Amino acid sequence: MGYWKDIVVGGWSLVEGMKVTGRALFKPVVTVQYPRQRLELSPAYRGHIELKVFPETGTHGCIACGTCQRVCPSGVIKVQGVKQHARGGKVATHYVIDFTRCSLCGLCVESCPTQTLQFSTEYEMEGPSRWDGVVDLVTRMEESRS
Ligand code: SF4
Ligand code: SF4
């Protein structure tokens, strides 16, 4: 008796499973064949931060004030700047950030007095070493323009 019961239960289980497969078979395909296909990013997407280039000056607007460095809860920003003229303010020469420890909280972007920080749309940053995530945004900005 147990033998026949196992066959009936097993057969019914198979039918239930095939019903689920059958329903999925005729649904539209939602799998994206990345990297050949890509989804359009949401406007709210937050990639790593980057320096915004202003068309009026052709460069970033970082004055190396250090506000972002101070507000960053993860302590991953280091900014260096120089005075270009005796009476002028500073201009950032190095803006180093460790993306591997950035929580994308946005405090740096919100607190910047010159609005020169923004979230990028980058999502393919990778590397074999964790140090590949430590980047100088000034250098990165210059490389992206050349
Ligand atoms: S997004 Fe937040 S954690 Fe990342 S660098 Fe800016 S302040 Fe720091
Ligand atoms: S990015 Fe903005 S907040 Fe940070 S040092 Fe430069 S000017 Fe100051």
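The values are calculated or read from the model by the stated rules, or taken from the named source; none is laboratory data. None of the values given here were measured: they were computed from a predicted structure. Note that each Cβ is placed from the backbone with ideal geometry, even for glycine, and that neighbours are counted across all protein chains shown. The accessibility values were calculated without ligands, DNA or RNA, using every heavy atom of the protein model including side chains. Shrake-Rupley method; radii C 1.70, N 1.55, O 1.52, S 1.80 Å.
Residues checked against (1) aliphatic (A, V, I, L, M); (2) in contact with a Leu (Cβ under 6 Å, 6 or more places away or on another chain); (3) near ligand 2 (Cβ under 9 Å from one of its atoms):
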{"site": "L51", "(1), (2), (3)": "yes, yes, yes"}
{"site": "G66", "(1), (2), (3)": "no, no, yes"}
{"site": "T93", "(1), (2), (3)": "no, no, no"}
{"site": "F99", "(1), (2), (3)": "no, no, no"}
{"site": "C105", "(1), (2), (3)": "no, no, no"}
{"site": "S111", "(1), (2), (3)": "no, no, yes"}
{"site": "F119", "(1), (2), (3)": "no, no, no"}
{"site": "V134", "(1), (2), (3)": "yes, no, no"}
{"site": "R145", "(1), (2), (3)": "no, no, no"}
Which residues, counting only those in the stretch 60-87, are in contact (Cβ under 8 Å) with a residue 24 or more places away in the chain and more than 16 Å from ligand 1 (Cβ to nearest atom)? G61, I63
Among the residues of the stretch 54-82 satisfying the criterion of being at pLDDT below 95 and of a type in the set (V, I, T), which is surrounded by the most Cβ atoms within 10 Å (Cβ to Cβ)? T59
Which numbered condition trips up H85, out of (1) open to solvent by less than 90 Å² (accessible area, probe 1.4 Å); (2) at pLDDT below 95? (1)
Residues of the stretch 105-121 being out of contact with any strand residue (DSSP E or B) (no Cβ under 8 Å at 6 or more places or on another chain) and more than 23 Å from T57 (Cβ to Cβ), in sequence order, are C105, L107
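Considering only the stretch 88-140, state which residues are hydroxyl-bearing (S, T, Y), within 11 Å of ligand 1 (Cβ to nearest atom) and open to solvent by 60 Å² or more (accessible area, probe 1.4 Å).
Narrowing the stretch 88-140 to residues hydroxyl-bearing (S, T, Y): 93, 95, 100, 103, 111, 114, 116, 120-121, 123, 129, 139.
Now narrow it down to the ones that are within 11 Å of ligand 1 (Cβ to nearest atom): 95, 100, 103, 111.
Answer for the stretch 88-140, where residues must be hydroxyl-bearing (S, T, Y), within 11 Å of ligand 1 (Cβ to nearest atom) and open to solvent by 60 Å² or more (accessible area, probe 1.4 Å): T100, S103.
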Residues that are under 28 Å from Y34 (Cβ atoms) and out of contact with any Gly (no Cβ under 6 Å at 6 or more places or on another chain): which helices (runs of 4 or more DSSP H) entirely in the stretch 48-146 hold 1 or more of them? 107-111, 137-145
